[in-house]
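Student: Before anything else, here's the structure in question.
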Amino acid sequence: MNPKLIHFITSLLTPLVLLGLALRLLLSPLFLQVEYRMPGFPADTYGFTRADRLRWAPYAVDYLVNNEEISYLADLRFDDGTPLYNERELSHMADVKRVTKGALNVFYGALAALALLGLWSKRGEPWQAYRQGLKRGGWIMVGLAGAIALVVLVGMFLLPNLFWAFFTGFHALFFEGDSWLFLYSDTLIRLFPLRFWQDTFLFAAGIAVLGGLGLALGIRGHASASHLSQ
């Protein structure tokens, strides 16, 4: 395979892998434990305590990565017997699961392709092109994630409408119409208010930036050391 093609493919796969890694890390109970304890995280005006959120939110996250049907969420009940989620919320969660599963499949596929390409390149001359592709992909990820983080931070502290426009555009890519909009009294909003998503994008960007810098700067140093040792 042409080294230039290897470099190009590796540069494209690397950001997909880093974004997928960030997504997978955030789809964990640990992130919920951290997020609900963030300074200034808004209280639920309808009565959920932190303990309530930590009781119910993991079911939503687990549903996104397990192989259960929507009944996994539909069967949940408050202590008084009323359903945790209404039909609109359940429909949206089914949509979110399809998007999440698709994104994770892209991540796993990109990771496998990147690993196989690396194993093949290691055998000969394309290895340097592969390593430089990882480096360039790392820098691409730093740029993209840095831009996302900047939009979120400006939207949080200076121009609230900026984040809402970004958030709306993000949903328009994956969901139809206003199917993702809910009442403040709905469980999904009470568990995952806007601040939750602002922090989620920031955490994802941070993970991606760290991974990108690790590749971009680490590979440069390693390459120099290899060159000097020859």
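Each reported figure results from applying straightforward, stated rules to the coordinates on display, with no laboratory input. Model, not experiment: these values are computed from the prediction. Because the Cβ atoms are built from the backbone with ideal geometry, glycine has one as well, and the counts that use them run over all protein chains shown.
Student: Would you tally the net charge around Y63, using a Cβ to Cβ cut-off of less than 10 Å, leaving Y63 out, and scoring K and R as +1, D and E as -1?
Tutor: Numbers: positive: K97; negative: D62, E68, E69.
So the environment of Y63 carries a net charge of -2.
Student: Further question: In whole Hz, with x marking every Gly and Pro, tabulate ³J(HN,Hα) for the range 116-126 from phi via Karplus 6.51 cos²θ - 1.76 cosθ + 1.60, θ = phi - 60°.
Tutor: 5, 5, x, 4, 5, 5, 4, 6, x, 4, x
Student: Let me ask another. So what is the relative contact order of the range 71-163, in percent, for Cα pairs below 8 Å that sit 6 or more residues apart?
Tutor: 10 percent.
Student: Related question: Under a GNM of the chain (C-alpha, springs under 10 Å), which listed residue has the highest mean-square fluctuation: G109, G81, G143?
Tutor: G81
Student: May I pose another question? Excluding Y108 itself, calculate the net charge of residues whose Cβ lies under 13 Å from the Cβ of Y108, where each Lys or Arg counts +1 and each Asp or Glu counts -1. Write down the numbers at each step before the final one.
Tutor: On the way: positive: R24, K101; negative: none.
Counting the neighbours of Y108, the net charge comes to +2.
Student: Using a Gaussian network model on the chain with a 10 Å cutoff between Cα atoms, which of F48, F201, F107 fluctuates the most?
Tutor: Looking only at F48, F201, F107, the largest GNM fluctuation is found for F48.
Student: Filter the trypsin sites (Lys or Arg not before Pro) in the range 1-102 to those in DSSP coil with at most 13 other Cβ atoms within 10 Å of their Cβ, and list the result. Please list the in-between numbers first.
Tutor: Working: sites: K4, R24, R37, R50, R53, R55, R77, R88, K97, R98, K101; in loops: R37.
Sparse-neighbourhood loop trypsin sites (Lys or Arg not before Pro): R37.
Student: Rounded to the nearest 500 deg cm²/dmol, what is the calculated helix-only ellipticity per residue at 222 nm for the chain, with -39500 (n - 2.57) per DSSP H run of length n ≥ 4?
Tutor: Working: 9 runs with 174 residues, N = 230.
The per-residue figure over the chain is -26000 deg cm²/dmol.
Student: While we're on this one: Enumerate by residue number the chymotrypsin sites (Phe, Trp or Tyr not before Pro) in the range 109-200 meeting two conditions: DSSP loop (anything except H, G, I, E, B), and at most 13 other Cβ atoms within 10 Å of the site's Cβ.
Tutor: Y184
Student: Can you tell me the FRET efficiency between L116 and I70 if r is taken as the Cβ-Cβ distance and R0 is 35 Å, rounded to the nearest 0.05? If you can, show how the numbers build up before the last one.
Tutor: Values: r = 35 Å, r/R0 = 1.01.
Efficiency, from the Cβ-Cβ distance: 0.50.
Student: Counting Lys and Arg as +1 and Asp and Glu as -1, each charge on the Cβ, what is the dipole of the range 3-229 about the Cα centre in debye, to the nearest 20? Write down the numbers at each step before the final one.
Tutor: Values: 19 positive and 17 negative charges, 275 e Å.
Magnitude of the dipole: close to 1320 debye.
Student: Pairing the Cα long axis of helix 160-174 with the longest principal axis of the chain, what angle in degrees results, from 0 to 90 and rounded to the nearest 10?
Tutor: With rounding to tens, the tilt is 80 degrees.
Student: If you don't mind, there's one more thing I want to ask. Checking the cross-link filter: which aspartates and glutamates have an alpha carbon closer than 20 Å to that of K135, excluding same-chain neighbours under 8 positions apart?
Tutor: Within reach: E125.
Student: Among [x] 1.20; [y] 1.42; [z] 1.52, which one is Cα Rg over 2.2 N^0.38 Å computed from these coordinates?
Tutor: [x]
Student: Under a plain spin-label model, where a point goes 7 Å from the Cα along Cα-to-Cβ, how far apart in nm are F78 and A51?
Tutor: Roughly 1.7 nm, to one decimal.
Student: For Q33 and D178, what does the FRET efficiency come to when R0 = 35 Å and r is the distance between their Cβ atoms, rounded to the nearest 0.05?
Tutor: Values: r = 31 Å, r/R0 = 0.90.
E between Q33 and D178, to the nearest 0.05, is 0.65.
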